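Engineer: Sharing a structure, written as C-alpha cells. Questions coming.
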Amino acid sequence: MSRFQKTFPNIQAYVVEEKRLDVEAGVIDGKHDLALILVSNLSNRQKLLSHTLVHSMRRLWLPPKHPLLNQEIITLADVAALPYIQLVIDDAEMTTGAYWRAHNLQPNIIIRTESVEAIRSLVAHRQGVTILSDMMYRPWSLEGSRIEVREVAANIPTMNTGLVWSRAREPSTEARAFIDFCRIEYDSGRLEIRRNMPVERE
C-alpha cells in the first residue's frame, strides 16, 4: 500500500476488513472495487474474477528435537498419531478436513483455536503439532521458543492469496492500476513469501 500510494499519489485507497463472505458480497454488489482475499476459498466463482498473487505451501510445524525431524519422509499417517492443534479461522478447519478425508485419515485434534500465536506457543512447548501455511510461519513463539517446519509427503493444497473483482463490471481506472501494480510487484519477487529465513531473537 505504501509503495502504491507513492507511485499513484492521486489515487486514494480505502481499506475495509470484513469476513470473507461479506467481502465477496461487497465486491459482487459494487460496494468494494476489489478484494485481497484467500482466492483458494472463494465461494462465488461464477460472479468473481481473480488473480493469485501468492501460493503458500502448507507444512508441518514441530517443536525442536521432535522425533519426526530426523525422519526422511513424513506422512499424514505419522501426523495422525500425534496430538494436533487446529486453527479455526478463515475456513481453515474445512480445508484441513478435506485433505485429511482425501487420504482416509483424520487428525487427533486436542485443541481448536482462532489464535495463530496460541498455536505457535503450543507447538513450541510440545503440546501438539499442526499443518499451516508458510505465510503464517515464524520460527519463534512470542516466548522466544523455536518452531521447526517440515514438508509432509501428501497432496496438501497450497493457501492462495490474491485479488478479486466483479465479473459483471470492468474495474475502474484506479482499480485496474492497483491490480496491475500488485501483479508487477509480486511477479518481480519484491513481495515474495520466503521460507526458513533466519530471525534474530529480541
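Each value in this text was obtained by applying a stated rule to the coordinates, not by laboratory testing. Owing to the predicted nature of the structure, the values given are computational and were not obtained by experimental measurement. When we count neighbours, we look across all protein chains shown, and the Cβ atoms used for this are built from the backbone with ideal geometry, even at glycine.
Engineer: Taking the Cα centre of region 58-150 as origin, sum charge times position over the Cβ atoms of Lys and Arg (+1) and Asp and Glu (-1), and report the length of that vector in debye to the nearest 20.
Structural biologist: On the way: 10 positive and 10 negative charges, 47 e Å.
For region 58-150, the charge dipole is close to 220 debye.
Engineer: Separation of region 149-173 and region 52-84 by C-alpha centroid, Å?
Structural biologist: The distance from the Cα centre of region 149-173 to that of region 52-84 comes to 22 Å.
Engineer: What is the helix-to-structure angle for 92-102, meaning the angle in degrees between its Cα long axis and the longest Cα principal axis of the chain, kept from 0 to 90 and rounded to the nearest 10?
Structural biologist: 60 degrees
Engineer: Let me ask another. Can you tell me, using C-alpha contacts under 8 Å and at least 6 residues apart, the relative contact order of the chain as a whole percent?
Structural biologist: On the way: 300 pairs, mean separation 69.4, N = 202.
For the chain, the relative contact order is 34 percent.
Engineer: Taking +1 at the Cβ of each Lys and Arg and -1 at the Cβ of each Asp and Glu, which of 87, 77, 52 sits farthest along the dipole of the chain towards its positive end, judged by Cα position relative to the Cα centre?
Structural biologist: 77
Engineer: If you place +1 on the Cβ of every Lys and Arg, -1 on the Cβ of every Asp and Glu, and leave all else neutral, what size is the dipole of the chain about its Cα centre, to the nearest 20 Debye?
Structural biologist: 240 debye
Engineer: Which angle between 0 and 90 degrees, to the nearest 10, do you get for helix 20-29 versus the longest principal axis of the chain when only C-alpha atoms count?
Structural biologist: Helix 20-29 sits roughly 20 degrees off the main axis of the chain.
Engineer: Could I have the simple spin-label model distance between residue 185 and residue 51, label points 7 Å from Cα toward Cβ, reported in nm to one decimal?
Structural biologist: 1.2 nm
Engineer: May I pose another question? Specify the residue with the greatest mean-square fluctuation among 87, 21, 62, computed from a Gaussian network of the chain linking alpha-carbon atoms under 10 Å apart.
Structural biologist: Taking springs between Cα atoms under 10 Å, the residue moving most is 21.
Engineer: Between residue 173 and residue 142, what is 0.36 nm times their sequence separation minus the Cα-Cα distance? Round to one decimal in nm.
Structural biologist: On the way: separation 31, 0.36 × 31 = 11.16 nm, distance 4.26 nm.
Value of the extension gain: 6.9 nm.
Engineer: Label residue 13 and residue 115 with points 7 Å out from Cα along Cα→Cβ: what is the distance between them in nm?
Structural biologist: Result for the modelled spin labels: 3.1 nm.
Engineer: Among the GluC sites (Glu not before Pro) within region 128-165, which fall in a DSSP loop and have no more than 16 other Cβ atoms within 10 Å of their own Cβ?
Structural biologist: Numbers: sites: 143, 148, 151; in loops: 143, 151.
Passing both the DSSP loop test and the Cβ count: 143, 151.
Engineer: Can you sort 95, 130, 7 by how many other beta carbons sit within 10 Å, fewest first?
Structural biologist: Values: 95 20, 130 29, 7 12.
Placing the least packed residue first, the sequence is 7, 95, 130.
Engineer: Using a/c under 1.5 as the rounded threshold, could you call region 58-150 rounded, prolate or oblate? The axes a ≥ b ≥ c are square roots of the C-alpha gyration tensor eigenvalues, and prolate needs a/b larger than b/c, oblate otherwise.
Structural biologist: oblate
Engineer: Hey, which lysines would be in cross-link range of residue 19, C-alpha to C-alpha under 22 Å, not counting anything within fewer than 8 residues on its own chain?
Structural biologist: Those lysines meeting the cut-off are 31, 47.
Engineer: Quote the relative contact order of region 71-139 in percent (integer), defining contacts as alpha-carbon pairs under 8 Å separated by 6+ residues. If you can, show how the numbers build up before the last one.
Structural biologist: Working: 68 pairs, mean separation 26.9, N = 69.
39 percent.
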